[in-house]
Amino acid sequence: MSIDLGIPQARPRPIAPRRRSRQIMVGSVPVGGDSPVSVQSMTTTLTADVNATLQQIAELTASGCQIVRVAVPSQDDADALPMIARKSQIPVIADIHFQPKYVFAAIDAGCAAVRVNPGNIKKFDDKVGEIARAAKDAGIPIRIGVNAGSLDKRLLEKYGKATPEALVESALWECSLFEEHDFRDIKISVKHNDPVVMINAYRQLAAQCDYPLHLGVTEAGPAFQGTIKSSVAFGALLAEGIGDTIRVSLSAPPAEEVKVGLAILESLGLRERGLEIVSCPSCGRAQVDVYSLADQVTAALQDFPVPLRVAVMGCVVNGPGEAREADLGVASGNGKGQIFVKGQVVKTVPESAIVETLIEEAVRIADEMGVDVTGEGPGADVTVS
């Protein structure tokens, strides 16, 4: 029997037109313009521990991170930058606070970009010309990263607190200082821990400049809370076409930040989807253990190399319709499950065989697309028990 798999090959249509921003290059990654929204994270290791930092960067790279930031609070960290920048698989941004001398160290080390926080670098305004010349000569962009928690005292006195207007004024003031030296390879962030303040700040900033914008809810919190706050804020802005790079700030391992960031972009049609599980919520109509089924299918297919939308449904109300619309799905009831592949029922199996059968069909889909999931590459750990 010939089955039309219908797996989408083109990138999904974005939810809204992208804001027109100038493009810069962060190492090999284009940021702004028509380039895709990129996902960033930050290492949690001591940057001076080169091996540990490179190991974490490798883990982040494997998880889908495209740009990584490393903290440079000390001379030992600055001394480690040349090796890290040279050996990292993805562009490295040096994160600089308090000491302007580390900006020059990062540029000399070959970092792909430098993030500066104008609110806490000593005599930053006096150093802008020198920084601009060094960055321009090296072809390195600067991210002006304004944070609510470290806003310039002059602006705190003016506005009373870190309002959207205060964050935007800080960022644009520093941009103007760089512009005086004909330097415009700039990316801006205006982060706040309150998503509403953050959203309003980025909206104002987007209306007042054409620089690419890095989105972030700073100090977003533990994994659950931070995921919710970042998803709400990023979703609102990206749905309006605002945002060129994102970082989900979580009190969790950095790879989790990347995982959430990628999922946000996929859900908005800004990145080609990978595995998507559509499953029932808690409901008295469910006739099978949907929670366990969904968890088992997710665990089995999480590294699958073919993008799949898999529906795991537990009753006859919405189950057949959702399963029919997915690439692969099951509609369960009365101890059995109907297995769907692109809208067609291919077999009915007992509940105990649902997970095994879905994995078998996923492997078959991959095989018909010419993707080997039995070798050494991604998806090789997919097994049928």
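The values are calculated or read from the model by the stated rules, or taken from the named source; none is laboratory data. This structure is a prediction, so every number in the text was calculated from the model and none was measured. Because the Cβ atoms are built from the backbone with ideal geometry, glycine has one as well, and the counts that use them run over all protein chains shown. Accessible surface areas use protein heavy atoms only, side chains included; no ligands, DNA or RNA. Shrake-Rupley method; radii C 1.70, N 1.55, O 1.52, S 1.80 Å.
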Looking at the structure I just gave you, is residue 161 in contact with a Ser or Thr (Cβ under 8 Å, 6 or more places away or on another chain) and not in a helix (DSSP H, G or I)? no
Residue check: is residue 298 at pLDDT 75 or above, farther than 30 Å from residue 239 by Cβ and not in a loop (DSSP other than H, G, I, E, B)? no
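Taking residue 176 as the residue in question, decide whether it is touching a residue at least 12 places away in the same chain (Cβ under 8 Å), out of contact with any Phe, Trp or Tyr (no Cβ under 9 Å at 6 or more places or on another chain) and among the hydroxyl-bearing types (Ser, Thr, Tyr). Walk me through it before giving the result.
Working: touching a residue at least 12 places away in the same chain (Cβ under 8 Å): no; out of contact with any Phe, Trp or Tyr (no Cβ under 9 Å at 6 or more places or on another chain): yes; among the hydroxyl-bearing types (Ser, Thr, Tyr): yes.
So residue 176 does not fit the description; no.
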Going through segment 106-134 one residue at a time, which ones are over 29 Å from residue 162 (Cα atoms) and in contact with a Pro (Cβ under 9 Å, 6 or more places away or on another chain)? 108, 109, 110, 111, 112
Taking only pairs six or more apart or across chains, which ones have beta-carbon atoms under 8 Å, a first residue in segment 159-171 that is closer than 11 Å to residue 147 by Cβ, and a second residue that is open to solvent by 60 Å² or more (accessible area, probe 1.4 Å)? 162/149; 162/156
Here are the criteria: (1) more than 21 Å from residue 33 (Cα to Cα); (2) open to solvent by less than 10 Å² (accessible area, probe 1.4 Å); (3) in contact with a helix residue (DSSP H, G or I) (Cβ under 6 Å, 6 or more places away or on another chain). Tell me which single one residue 174 does not satisfy. (3)
When you look at residue 44, is it closer than 25 Å to residue 302 by Cβ and modelled with pLDDT of 95 or more, yes or no? yes
Looking only at residues in segment 218-256 that are in a loop (DSSP other than H, G, I, E, B), more than 18 Å from residue 204 (Cβ to Cβ) and modelled with pLDDT under 95, which one is most open to solvent (accessible area, probe 1.4 Å)? 219
Of the residues in segment 176-213, those that are touching a Pro at 6+ places or on another chain (Cβ under 6 Å) and either within 23 Å of residue 129 (Cβ to Cβ) or at pLDDT below 95 (or both) come to 185, 187
For segment 59-87, how many residues meet the condition of being of a type in the set (A, V, I, L, M, F, W, C) and surrounded by fewer than 16 Cβ atoms within 10 Å (Cβ to Cβ)? 2
Select from segment 29-53 the residues that are over 17 Å from the mean Cα position of the chain (by Cα) and assigned to a loop (DSSP other than H, G, I, E, B) and write down the one among them that is surrounded by the fewest Cβ atoms within 10 Å (Cβ to Cβ). 34
Being among the hydrophobic types (A, V, I, L, M, F, W, C), surrounded by 21 or more Cβ atoms within 10 Å (Cβ to Cβ) and farther than 21 Å from residue 258 by Cα is the filter here; which residues of segment 88-104 pass it? 96, 103
Quickly run through segment 105-117 and pick out the residues that are open to solvent by 10 Å² or more (accessible area, probe 1.4 Å) and part of a loop (DSSP other than H, G, I, E, B). 110, 112
Please go through segment 193-217 and give me each residue that is of a type in the set (Val, Ile, Thr) and either over 15 Å from the mean Cα position of the chain (by Cα) or open to solvent by 10 Å² or more (accessible area, probe 1.4 Å) (or both), ordered by number. 196, 197, 199
